[in-house]
1. Expressed in nm to one decimal, what extension gain is obtained for the pair TYR48 and ASP224 from 0.36 nm per residue of sequence separation less their Cα-Cα distance?
2. Using 0.36 nm per residue, how much length does the chain from GLN174 to LEU294 gain when fully extended, once their Cα-Cα distance is taken away?
3. Taking a threshold of 31 Å on the Cα-Cα distance, which of the pairs LYS246/LYS364; LYS266/LYS330; LYS246/LYS285; LYS177/LYS266; LYS246/LYS266 fall above it?
4. Within a 10 angstrom radius of the beta carbon, how do ILE76, ILE249, ILE269, ILE106 rank from fewest other beta carbons to most?
5. Going toward the positive end of the dipole of segment 157-284, with +1 on Lys and Arg Cβ and -1 on Asp and Glu Cβ, which of GLY194, SER162, GLN222 do you reach last?
6. Could you rank the peptides 171-177, 238-244 by their average count of other C-beta atoms within 10 Å per residue, with the highest value first?
7. Of the peptides 117-124, 56-63, how do they stack up when ordered by the mean number of other Cβ atoms within 10 Å, highest first?
8. About its Cα centre, how strong a charge dipole does the chain have in debye, to the nearest 20, once Lys and Arg get +1 and Asp and Glu get -1 at the Cβ?
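We did not get these values from a lab; they are worked out from the coordinates using the rules stated. This is a predicted model, so every value here is computed, not measured. Glycine gets a Cβ as well: all are built from the backbone with ideal geometry, and neighbour counts include every protein chain shown.
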Amino acid sequence: MLWGGILPVHAGLDAMQVRLLDSYSLAWRWDNIESAPEWVRGKEPVYYSEWGFDIVRLEPNQETWVYLEPYQYLRIYNPELVLQPSDLLVLLSNASGLAVEQRLNISSDEHSLLLINDASAAQWVHIRRDKTAEQALTVGLFVTRTETLPKLAPYRDMVFLSDPWVLLKDKNYQLPKIFWPREPNQVSHFDIEGPTRLVLKSRLAYEPNAAELSQDYRIAWQMDEQVMQWLHFSTSVESRHVVRVKNRIKVVSREERHYLEIPQGKHTISLMPDRAIYLQVLEQKAEDYLFPSLNQPRVSVTQIRENQLLSPPSSTEINRVAQQAELLVKDNIHRESPLLASNLLTQVALQRPDYPPAQALAEKLIGQNTFYRNLLPSKKNTSMAQQSLKIRETER
């Protein structure tokens, strides 16, 4: 990131949305486990009218299995008894045949035991009553359901580029969207009045002879006469649904996004990709609400901008870590760089369950830029010993 007059670039995460969410608390709900798919096997839950929810009664050496979504918490509850972690043996498994014992937290009223699940993949939870227990234990099982807020300041205004546009449809139940096909090194210019905020949405157009699903591309951007900068994207093919361009099926990448904060004044923005892409630019309006006094966020976009809460070094922690992680994942000197980058962002993302895109980005980073592999010759003409070499990728 360049400082001073250069506008900030945010690494795939919308810093404005994160700031707007800061003034709200995340809505948590506890859903009672009643049957499949949350209940997997073992002692089955039954409805208990006195408590008003389904319960599981575990005799000594009896168990039940339940299913947890990624990052989902489990609550074991009895409104009449004080519960202790020693009352139950709780283990987590990813269906590999191995299960790991977990530490349970006690709620403030001591009627609940909480399992904090930070796993990015679905888990099975084994809940067992110890065989040495003197009597059965009746509990209700609950899992968390978070209700995240939608986009508090959406990007609705289309910025029209030069040249003809095309209609791109990526989901059957959605209307087609306007995108501009851009060829390699094709420059697009447009004028914009700041202060405002832009999102660049792009999809890579796969070449007919492309041999790899994972692909990299870049978009150069420039504001007025400032130094041109490159935005780097690592992506994969869109395999979740069929994408149509001009009503014809096309092989394109998943949609990638980048956010730009435009300072005060009138500016000219230039964009240039290094590969063929489909590009869309949307602008965010600061006051885009019906009955603003009732519907706008508690802290408005204008207030965030006036207090400079998006400019470094005051940028949100999760955005700083995301930028660091995306730089770290490209460091191929160390074999574990992608894993370290993903773990770094995951730990911060877990503190912001109200902003799911951070966890999605952390999972995406795991498999990127890992170029270590054994290169064995198909023909070896000499008796010299094989060598271990390391190739470092550099910026173009």
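1. 56.5 nm
2. Using 0.36 nm per residue and subtracting the Cα-Cα distance, I get 40.3 nm.
3. LYS266/LYS330; LYS246/LYS266
4. ILE249, ILE106, ILE269, ILE76
5. The listed residue farthest towards the positive side: SER162.
6. In descending order of packing, they fall as 238-244, 171-177.
7. Numbers: 117-124: 15.2, 56-63: 16.8.
Descending packing order for the listed peptides: 56-63, 117-124.
8. 1560 debye
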